[in-house]
Amino acid sequence: MAAPMELSCWGGDWGLPSLHPESLTVMAYAKFAGAPLTVNTINNSWSTPKADVPVLISEDIVISQPAKILNFLRKQRYNADYELSAKQGADTLAYIALLEEKLLPALLHTFWVEAENYCSVTKPWFASRIPFPLSLYLPGKMSREALNRILLTRGGPPLYSLTEVEAQIYRDAKECLNLLSKRLGTSQFFFGNTPTTLDAFVFGFLAPVYKVCFPRVQLQEHLKQLTNLCRFCDDILTCYFKLTVTGHSPSGQDTADANLQKLTQLVNKESNLIEKMDDNLRKSPQHPPRKITTLKLAAGGEESSPLNRLSP
């Protein structure tokens, strides 16, 4: 019997099982390969054994970083790439390198550096899930780490200013999306009808850009013009995570509607109770307003207060 495997990762929203690209990559690969992972959502990365996300724990083995986690799953005979040829395996490595070089900087910038997105979406979302007082510190730390990563990898000559770096990383990201769209074409997945490691990585990088509602949507607007990539993300969510395009599981939609109906009924009852209490309060005998006693003034015209009496 295989040892139980537990994956710790950030939670999800906007119809995604996780907002974290690396966590999404591992979760998707596990679905493709049929690996029986128990997924635990965390509220801060420091609660994991290696202070990193995602983290896979199997008995006394602790593994972080998506590539290492996927290699471990393959050794446990959960291999989504067993039908790939040597050339397709080489293509997989090349496209993953392309994603990390060209698309990841723009993804980090969209979430963590773009001021309006960070202040209105990213920071509130993560802060609401991180316990106090870490919620005051960790989002800012994650933002600084994202900016440093962008500048270290893309901030060298001839790009000296942050504005130049931003313009370049978005140009590269759009070019990368165009290449992915051309490579996918009309196929269901990148190597035919069976999802592989490359599909997991592409889904992990694209789905947050595609689904999260940001006020600044430069990269999202370009992605939505590439309909085959959007269909690719929707198909994986529907087929492997049992989520509809709107983000609800088919079996859970009725439950959500029932809960909403119960909540509405409860609010109505509370409103009726408040109205009755208000009516009873109006009908009850009212005490006359208390008169404010006017202070007598001293001979000098000042209030004869204890404070004045203590003055020299």
* Residue list for segment 175-190, filter: surrounded by fewer than 21 Cβ atoms within 10 Å (Cβ to Cβ) and in contact (Cβ under 8 Å) with a residue 60 or more places away in the chain -> 175, 176, 179, 183
* **Options 78, 118: the member that is in contact with a Gly (Cβ under 9 Å, 6 or more places away or on another chain) and either of a type in the set (Ser, Thr, Tyr) or open to solvent by 50 Å² or more (accessible area, probe 1.4 Å) (or both)** => 78
* Odd one out for residue 103, checked against (1) surrounded by 22 or more Cβ atoms within 10 Å (Cβ to Cβ); (2) under 26 Å from residue 242 (Cβ atoms) -> (2)
* Count - residues of segment 196-244 that are β-branched (Val, Ile, Thr) and surrounded by fewer than 21 Cβ atoms within 10 Å (Cβ to Cβ) -> 5
* In segment 121-168, which residue that is crowded, with 16+ Cβ neighbours inside 10 Å and of a type in the set (Gly, Ala, Ser) is modelled with the lowest pLDDT? -> 155
* Asked: Within segment 48-64, which residues are out of contact with any Ser or Thr (no Cβ under 6 Å at 6 or more places or on another chain) and surrounded by fewer than 16 Cβ atoms within 10 Å (Cβ to Cβ)?
  -> 49, 59, 60, 61, 62
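The values are calculated or read from the model by the stated rules, or taken from the named source; none is laboratory data. Source: prediction; values computed, not measured. Glycine gets a Cβ as well: all are built from the backbone with ideal geometry, and neighbour counts include every protein chain shown. Areas reflect the complete protein model, heavy atoms only, side chains present, ligands, DNA and RNA absent. Shrake-Rupley method; radii C 1.70, N 1.55, O 1.52, S 1.80 Å.
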